[in-house]
Each structure stands twice: as structure tokens, then as C-alpha cells.
1. To the nearest 0.05, how large is the calculated FRET efficiency for Trp462 and Ser359 if R₀ is 30 Å and r is the Cβ-Cβ distance?
2. Ranking Cys206, Cys44, Cys65 by Cβ neighbours within 10 Å, fewest first, what do you get?
3. Which cross-chain or sequence-distant (5 or more) residues have an amide H under 5 Å from the amide H of Ile315, H modelled 1.01 Å from N in plane?
4. About its Cα centre, what dipole magnitude does the range 320-393 give when the only charges are +1 on Lys and Arg Cβ and -1 on Asp and Glu Cβ, stated in debye to the nearest 20?
5. Where a ≥ b ≥ c are the square roots of the eigenvalues of the C-alpha gyration tensor, would you call the range 4-133 rounded, which needs a/c under 1.5, or, failing that, prolate if a/b is larger than b/c, or oblate?
6. Expected output is a single nm value to one decimal: the length gained when fully extending between Arg157 and Gln453, i.e. 0.36 nm times separation in residues minus the C-alpha distance. What is it?
7. Mind giving me the FRET efficiency for Glu425 and Arg263? R0 is 45 Å, r the Cβ-Cβ distance, nearest 0.05 is fine.
8. Do any of Lys164/Lys439; Lys203/Lys447; Lys164/Lys203; Lys164/Lys356; Lys356/Lys454 go past 32 Å between their Cα atoms, and which?
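We did not get these values from a lab; they are worked out from the coordinates using the rules stated. Treat the numbers as computed from the prediction; the structure is a model and nothing was measured. Positions of Cβ are backbone-derived with ideal geometry, glycine not excepted, and every protein chain shown enters the neighbour counts.
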Amino acid sequence: MTSDSARILVVEDNDTLRRGITIALRERWDDVREVASGDDAVECISDSHSNAFDVIVTDLRLPGCDGVSVLRAARERDPGTSVLVMTAYGSIETAVEAMRSGAFDFVQKPLDLDQLELRVARGVDHRRLLYEVTELRAEQAARQASEQIIGNSLALRSALDLAKRVAPTRSTVLITGETGTGKELIAGLIHRTSPRADGPLVKVNCAALPETLLESELFGHERGAFTGADRQRIGRFEEANGGTLFLDEVGDTSNATQAKLLRVLQERRFHRLGGSTLLRTDARIISATNQDLGARIEEGLFREDLYFRLNVIRIHLPPLRERSEDLVDLAHHFLRELSTEMSHSIRGFTEAALAKIRSHDWPGNVRELHNTLERAVLMAEGPRIDAEDLSILAGRSAGGGRSWRRELPAEGISLRDVERELVIEALERTGYVQKDAAKLIGVSRRKLNYMIQKMGITHSAWRRNRDLESAGG
Ligand SMILES: Nc1ncnc2c1ncn2[C@@H]1O[C@H](COP(=O)(O)OP(=O)(O)OP(=O)(O)O)[C@@H](O)[C@H]1O
Ligand SMILES: [Mg+2]
């Protein structure tokens, strides 16, 4: 008999039987592991340091968690694993149930070892076929996906190359870059070209939710966990099982949330809010931020240990102004796309328009370019986009900021005081609505909230709300 390469796990509490099966299977396959309980099996299966098993042979009735839980853990880790269940003679219903829950095949006890070997071999083949199909599909998806990602700069090509190389693995990825540089696009590419492509891609915008909601969003909650939790809710970590969890704007999370994130990333287990059961997650984590995390760490706003967990593989997307080749390619691409979409046939750009595009700073990067061109196509009267169709770019100085009237006093001034004065002015002008004030000075709500706390700014309206919140539990 030839030795074949396949990873096999045997789960059986009866020592003699387990040894017998293992020895028989080792004659043909070189990597056969054996464990005597369901708990040990689940642990082996979920061990993210080794590859998933190709075939698992498991008894249904086991000490610790039973065969169905083993089956579930196996499918969670990798839906392509072929799970073969062994059932006692006469208990055909349980076998049927196991098949329904996704078992590949079943054998009845007392065992015929030749029969068993035959079925394991079929399981190995099945797995291999599935694998080949997914590989082919991933290749195709990669081709399609990168066709939609425009640009040929070295920076973009190396980002894409890295994305392709990490896609097949489970490694945690951190994508950095200014707003609108394509971070979400890359996250999508990684997911679609990964073996998890058929699983969910779950996105959470960490900056968009207030801290209290963010936790329940991530981890879910039990009914009655807090006022207003009138039913159980599945969190994003749970939802992303078998798939990818995209933590967007992760640099904007609060300290408390960071601590909780760190724990799940370390232990791969978590509780729903108000729940006591430990749940597992096997979600692949991709996070993104437009913050300078190094600076945030220095300011004490971001945990260094969480940073190390997230920053396993780092993909950085430089701003568009540093990728002038991409800028021009993208401009032409968007122009073609938009003129078809808007049925306004425009042949290209005038030299003046191109010069204007090249000299603009693009603080909003690719998104800004797209929006600018959308407007230009709408405005254009000639067969080409001209500089004046891009008038939207004129109002801004290079650097993208609005002009600033105040003068630096000769004796100097503390930047901190200026900041504080501005924050207060923005708050006053918006009636102390933090969301609006944040928008006015171009920071996230969370950042403004942090500044307010650090500067010790208070307002009666806020204190009332906080008192209400803590009184309500
Ligand atoms: N290289 C590219 N080719 C084609 N389209 C791109 C490219 N880069 C970005 N885009 C498009 O630009 C827009 C912004 O990209 P995306 O949402 O991925 O940016 P982001 O980095 O996540 O931004 P933010 O930090 O604001 O969330 C999207 O519509 C995206 O499809
Ligand atoms: Mg984004």
C-alpha cells in the first residue's frame, strides 16, 4: 500500500478500538493523530498553528463534548474537512442526524477496518477535489478582483502582491493609509481570494458607534443584558465565523474596547454582554485605520499590545499624491466608467485639466478623485474635461485645508491653547452637539470626545446625560 499525504484525526474513547483504527490508517497515511475525548478533539481541531485536518473519524458518543460538537468544530475550522462518524449498531437515527449536520459519511460498529479505510480514502479524495475547486475559484476571483483595482505604481503593486500572498493564510492583517486610499478595497480582495471566500465578510466601523453600542455590536448580548436589550443579539465576531471580520477605523476605538479586543484576539474566545458562556471565534481579522497608530500609542490613546496583535502583516497604501502614475491611470479609468454610466461621452482630459489634476493634493485620495470627476463629467460641455470643469479643486490650497485668518502673535502662543479655544468655539457654535462640532473642525467624534475630556471641558447638558445614563444602569 502506498503512503499518501493527508492529515487525519481519530477520535474514540475506547483505547483498543482507537489504537486499532490508528494503526490501520497509518499503514496508508503518514499523519494520523488520535485523541480519546471530544474536548481534546476540539482543541486539536481549533489549533490555529497547524493546518486543518483532511479527514476526521469520530465516535458519536464521547466523554466531554460529543461527536456532533466535534463535527461542528471541524466544520467551523474548515468546511472542507471530511468528517466520518462512527455509530453504534442499531442507532441509525443518530447517523442520519450527523449526516444532516454535515458529516461526510458514517460507519457502523462493529467496525470493518477495510470498509473504514475505503471511506477515509474517499474522504481524502473528496477533500482534495474541493480544495482544487476552491483554489481555481480563488485564482479566478483574484484575477477579477485585481482587474478592478487600478494602478501600476510600485507601491500599489507591492500592496497587491502582499495581499495575494496573505490571502490563503489565516494571518491577521492591518491595512493603513489615509482616508480614501483603498483600504476597504484591499480588505475585500483578501477575503474574496481566501479559502474563506464562501464565508461571510463582516464589516464593523469602529468609529461610527458609541462605545457602549460597539461592544454589543462586536460581541453580541443576551436578553436583558442592559436596558433596552429586549432580545438576544449575535455579535459580529460570532457572525464572522468561517469568514473574515473587518474592523474598520480600529485606531478610533476607546481604551475599554481595545482591552476587550485584545482579549478576544489572544484567546479567540469571548462572552456575549451579560452572558456567561464562552464562545469561540475563528474569524480571520483584518483591520484598517487612517490614524498614525505609532503616534496614538505615544499619546497613550492606543494599546501597544493590541497593536502588535493587529499588525502581524501590514499593508500600507500611500496617499494618491505620492503615486502620480496611479493618479493619472485612475483619472482615465474613472472618466471612462463615469461617462458610460452617465451616458455623457467624453473622450479625455485637456492638458490643462491633467495639469490641474497632477498639481492637486488629493487629501481625500481616490474617493475624492472619483467624486471630483463625477462632478466634472456632469459639468463638461466639450468633448474633453477641461480645467474649468474641475473648478471644485480651485477653492482649496495645496494641503486641502481652508484658509485661516488668525495671526501668530509675535510673542508666540501655545498650540494647546489654540486647540482648546477652537474646540470651545466649535462647541459653542453647534450648541454643544459633539457630532456637529467634530465635523466643523474635521476630527472624528471620538477624537473630539477625547479632546474634551483631556481639556476638561464640561457642559451642563452633557453632565445631565451622563447622570441619566449611570442612573439607568
Ligand atoms: N486602486 C484603486 N482602483 C480603483 N478604485 C479604487 C482604488 N483605490 C480606491 N478605490 C475606490 O476609492 C473609493 C475609496 O476606497 P476605500 O473605501 O477602499 O478607501 P478607504 O481607504 O477604506 O477609506 P476610508 O479610510 O475613508 O474608509 C472606493 O470607491 C474604492 O473602490
Ligand atoms: Mg474604509
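1. Numbers: r = 44 Å, r/R0 = 1.46.
FRET efficiency, Trp462 to Ser359: 0.10.
2. On the way: Cys206 24, Cys44 20, Cys65 16.
Starting with the residue having the fewest Cβ neighbours, the order is Cys65, Cys44, Cys206.
3. Leu174, Ile175, Thr176
4. Numbers: 9 positive and 14 negative charges, 5 e Å.
Around 20 debye, computed over the range 320-393.
5. Values: a/c = 1.23, a/b = 1.14, b/c = 1.08.
Rounded, since a/c falls under 1.5.
6. On the way: separation 296, 0.36 × 296 = 106.56 nm, distance 4.21 nm.
Separation in residues times 0.36 nm, less the Cα-Cα distance, equals 102.3 nm.
7. Details: r = 40 Å, r/R0 = 0.88.
Computed FRET efficiency for Glu425 and Arg263: 0.70.
8. Working: Lys164/Lys439 36 Å; Lys203/Lys447 21 Å; Lys164/Lys203 20 Å; Lys164/Lys356 34 Å; Lys356/Lys454 41 Å.
Checking Cα-Cα distances, Lys164/Lys439; Lys164/Lys356; Lys356/Lys454 exceed 32 Å.
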